[in-house]
Structures are given as structure tokens and as C-alpha cells.
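Accompanying notes for the structure given below.
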């Protein structure tokens, strides 16, 4: 009786997080005004904005939680986080500097589905269907998608070409700093949680809630896509 209640409670929390992420996924009006006022290199402020966007980007963080959920060795965590970082750094730079564009609603819907994918994998779903994707390739590919998600936020604004390359590189560096800070907090929480007897017992509940949150986020974005047409 308690397991369904815990599952529902966890799902409710992550749905609230997913909804908040969907509604606040863009850049705040204050930050938007600053971005459009920048003319020339602004290294420190852009690094701050990049770190802020990553730390408050719950969709990115939920995906990373799924990625490291069953990783115990430091080298494995470093490998997968590095693949994710390489992917999102590449498409952030390509989108923001190279002018490659994608529909932001569709990109964000794919980001939501990346959370669904990782939770499904953690639940052993692929073993059930008899097919297992290469997890390293999948994390890299979804990293590319997450990077485009970041790029689409910057593409919404008319950014000055003066100092743009330095500023985008600074923003990307800030994203990496924010990711390190957020991931460090997650790993500390996981270290404590894994020391408790209920960790594996609650793995199903947590990943089912992650999957639900991913579907909610993807559905929210697809609704926005169709309403905007």
C-alpha cells in the first residue's frame, strides 16, 4: 500500500519540478534586457548567466540524475558527464555562433524525452524489449539536444556581434561551472542516500517519477508548439 503512495508522491514532486522548469525555462526579463544591452566583451556577467541557467535548468539536472543514478565509480561518472558536456557544448556554440537554428519547442520536447529515455533504461525497460542502445552514444546524442536547448534561448535575442564570440564562450564556460556545482550537490545527496538501506528499494519509485516528469515536460512543450503554429 505504501509503495504506490510513495510513487505518487515522488511523481507529484517531479511533475511540479518539470512544470516549473517548463514555465521558467527561458531567460528572465532582467537577464534578457542585459543580454540585449551588451556591446563588447562581458566575460564575468556571461559566465554568471551561464552558470545560473544550468543550476536552474531542472530539465538538464533531471537528465543528469538519471545518467548517474546507477553509476558508482568516479571514472564512469566522469566519462558520462564528459560525453554530455561535449555534446551540449558543441551545439551551444554551433547554434549561438554558427546560426544553426531549431524550433525551441521541439528541442525542449526532445529534452523531456531524454529524461524519459534515461528513466526507462534505469528501470530495465530495454532489457524487457530485448534491445539495448549504446548508453555512451545516447548520452552524447542527448547532450547535443540539450545544447541546442541552451542555444535556442540565446537565439531569441538580438545579440551584438561586437564581442559575441568571447561572450558565448564565456556563457558556455559558465554553463560548465554551473554543471559542476549542481552535479557536486547531487553527488553529495546520492552519497548520503546510497548509505541508507532504502536506496535500491526506492530506485523504481524514483525512476518512475523521473519518467513521469519527462513526459510532462515533453507534453508541455508539444502543447506550446501546436498552439504557436
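The values are calculated or read from the model by the stated rules, or taken from the named source; none is laboratory data. Note that the coordinates shown come from a computational prediction; the quantities given were computed from them, not determined experimentally. As a convention, Cβ positions derive from the backbone with ideal geometry for all residues, glycine included, and neighbour counts pool all protein chains shown.
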With 119, 138, 74 as the choices, which residue is surrounded by 16 or more Cβ atoms within 10 Å (Cβ to Cβ), more than 12 Å from the chain's Cα centre (by Cα), under 22 Å from residue 203 (Cα atoms) and free of Cβ contacts under 8 Å to residues at least 40 places away in the same chain? 138
Would you mind finding the one in 188, 180 that is assigned to a helix (DSSP H, G or I), within 19 Å of residue 88 (Cβ to Cβ) and out of contact with any helix residue (DSSP H, G or I) (no Cβ under 6 Å at 6 or more places or on another chain)? 180
Would you be able to tell me the number of residues in segment 133-167 that are in a helix (DSSP H, G or I) and either within 17 Å of residue 104 (Cβ to Cβ) or in contact with a strand residue (DSSP E or B) (Cβ under 9 Å, 6 or more places away or on another chain) (or both)? 13
Going by the conditions given, is residue 149 modelled with pLDDT under 95, surrounded by fewer than 16 Cβ atoms within 10 Å (Cβ to Cβ) and under 16 Å from the mean Cα position of the chain (by Cα)? no
Verdict on residue 124 being within 22 Å of residue 193 (Cβ to Cβ) and surrounded by fewer than 19 Cβ atoms within 10 Å (Cβ to Cβ): yes
Only one of (1) over 14 Å from the mean Cα position of the chain (by Cα); (2) buried (at least 17 other Cβ atoms within 10 Å of the Cβ); (3) at pLDDT 90 or above fails for residue 210. Which number is that? (1)
Could you run through segment 32-47 and say how many residues are modelled with pLDDT under 90 and either in a helix (DSSP H, G or I) or under 18 Å from residue 211 (Cα atoms) (or both)? 6
Test: residue 174 is touching a helix residue (DSSP H, G or I) at 6+ places or on another chain (Cβ under 8 Å), more than 22 Å from residue 114 (Cα to Cα) and assigned to a helix (DSSP H, G or I): yes
Pairs where the first residue, in segment 98-109, is assigned to a loop (DSSP other than H, G, I, E, B) and the second is surrounded by fewer than 16 Cβ atoms within 10 Å (Cβ to Cβ), C-beta under 6 Å, 6+ apart: 100/94
Does residue 144 qualify as being in contact (Cβ under 8 Å) with a residue 24 or more places away in the chain, surrounded by 14 or more Cβ atoms within 10 Å (Cβ to Cβ), under 30 Å from residue 74 (Cα atoms) and in contact with a helix residue (DSSP H, G or I) (Cβ under 6 Å, 6 or more places away or on another chain)? yes
Selected residue [in a helix (DSSP H, G or I), under 22 Å from residue 115 (Cα atoms), at pLDDT 95 or above and in contact with a helix residue (DSSP H, G or I) (Cβ under 8 Å, 6 or more places away or on another chain)] from 50, 66: 66
Just give me the residues in segment 191-207 being in contact with a helix residue (DSSP H, G or I) (Cβ under 7 Å, 6 or more places away or on another chain), part of a helix (DSSP H, G or I) and either surrounded by 20 or more Cβ atoms within 10 Å (Cβ to Cβ) or free of Cβ contacts under 8 Å to residues at least 12 places away in the same chain (or both), in sequence order. 206, 207
Among (1) touching a residue at least 60 places away in the same chain (Cβ under 8 Å); (2) out of contact with any helix residue (DSSP H, G or I) (no Cβ under 8 Å at 6 or more places or on another chain); (3) closer than 20 Å to residue 100 by Cβ - the single one residue 161 does not satisfy: (1)
